[in-house]
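S.K.: Here it is, the structure, as structure tokens.
A short reminder: the numbers here are calculations on the coordinates, not readings from a lab. Since this is a predicted model, take the numbers as computed values, not measurements. Virtual Cβ from ideal backbone geometry, glycine too; neighbours counted across all protein chains shown.
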Amino acid sequence: MIFVTVGTHEQPFNRLLEYVDQLKKENIITDPVVVQTGFSTYTPQCCEWKRLYPYQEMILLVEKADIIITHGGPSSFLMPLQIGKIPIVVPRQYEYREHVNNHQVLFSKTVAERLGNIIVIENIKDLKNVLLDYENITANMPSKTRSNNARFNQEFENLVNELFYMEP
């Protein structure tokens, strides 16, 4: 199953929904597709869809999905990473009036460069080839986010010990 989410931003993200629906209609996507359409005005014809899913249901859909396609909102692509999935991120773009600026493009490209565990698609036509070759593309990518919590906690503990347990 493929799960697609465009988040809850008030501007439509019809470009992504229309293209995924087209790929499904042309049988390029053969798996079932579940779509969260948000405030988009396009109604998918070939995919199961709902405007908004409760958060717990979103988690279940991400867990069940073989592939997750998401917009460039951090919450939407970090959740799959936390579950061990490598998301395909199609950032909303200003030129298509999908967002107020191109911060999603810049942010998702930065995350991809630094962490190497998301696939960023700027040109919607590239999505087809990424879907067809997803397993090969993701084979050597880390699927989990790296957490610095343990290191931070240890360094914090060391600092506290230095401040409060100094020998006279």
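S.K.: Hey, which of these cross-link pairs are over 19 Å Cα-Cα: K50/K85; K85/K125; K25/K125; K24/K50; K24/K125?
M.R.: Beyond 19 Å between Cα atoms: K50/K85; K85/K125.
S.K.: Something else now. Treating the angle as unsigned and between 0 and 90°, give the value, to the nearest 10°, between the Cα long axis of helix 14-25 and the longest Cα principal axis of the chain.
M.R.: Between the helix axis and the principal axis of the chain, the angle is about 60 degrees.
S.K.: A follow-up question, please. Can you work out D for the chain in µm² s⁻¹ from Stokes-Einstein, where Rh is the Kirkwood radius over C-alpha pairs, the temperature is 37 °C and the viscosity is 0.692 mPa s?
M.R.: Estimated via Stokes-Einstein, D reaches 191 µm²/s.
S.K.: Give the calculated FRET efficiency between T41 and I137 to the nearest 0.05, with a Förster radius of 25 Å applied to their Cβ-Cβ distance.
M.R.: The calculated FRET efficiency here is 0.20.
S.K.: For a quick size check, give me the Cα extents of the range 14-77 along its three principal axes, largest first, whole Å.
M.R.: That gives 31, 25, 19 Å along the principal axes, largest extent first.
S.K.: On a 0 to 90 degree scale, rounded to 10, what angle separates helix 149-164 from the longest Cα axis of the chain?
M.R.: 20
S.K.: Cut-off 10 angstrom, C-alpha nodes, Gaussian network model of the chain. Which of D66, D21, D126 fluctuates the most?
M.R.: D126
S.K.: Please identify the trypsin sites (Lys or Arg not before Pro) of the range 28-87 that satisfy two criteria: DSSP loop assignment and at most 13 other Cβ atoms within 10 Å. Which are they?
M.R.: Listed in order of number, the matching sites are R51.
S.K.: Once phi is turned into ³J(HN,Hα) by the Karplus curve 6.51 cos²θ - 1.76 cosθ + 1.60 with θ = phi - 60°, what whole-Hz value does each residue of the range 77-88 show in order, with x for glycine and proline?
M.R.: Here the 3J(HN,Hα) series is 9, 6, 4, x, 4, 5, 8, x, 10, 9, x, 8 Hz.
S.K.: A further question on this structure: Taking only Cα atoms, what is the 0 to 90° angle, nearest 10, from helix 103-115's long axis to the longest principal axis of the chain?
M.R.: It is inclined by approximately 60 degrees.
S.K.: Here is a further query. What's the extension gain from D31 to Y55 if we count 0.36 nm per residue and subtract their Cα-Cα distance?
M.R.: So the extension gain works out to 6.3 nm.
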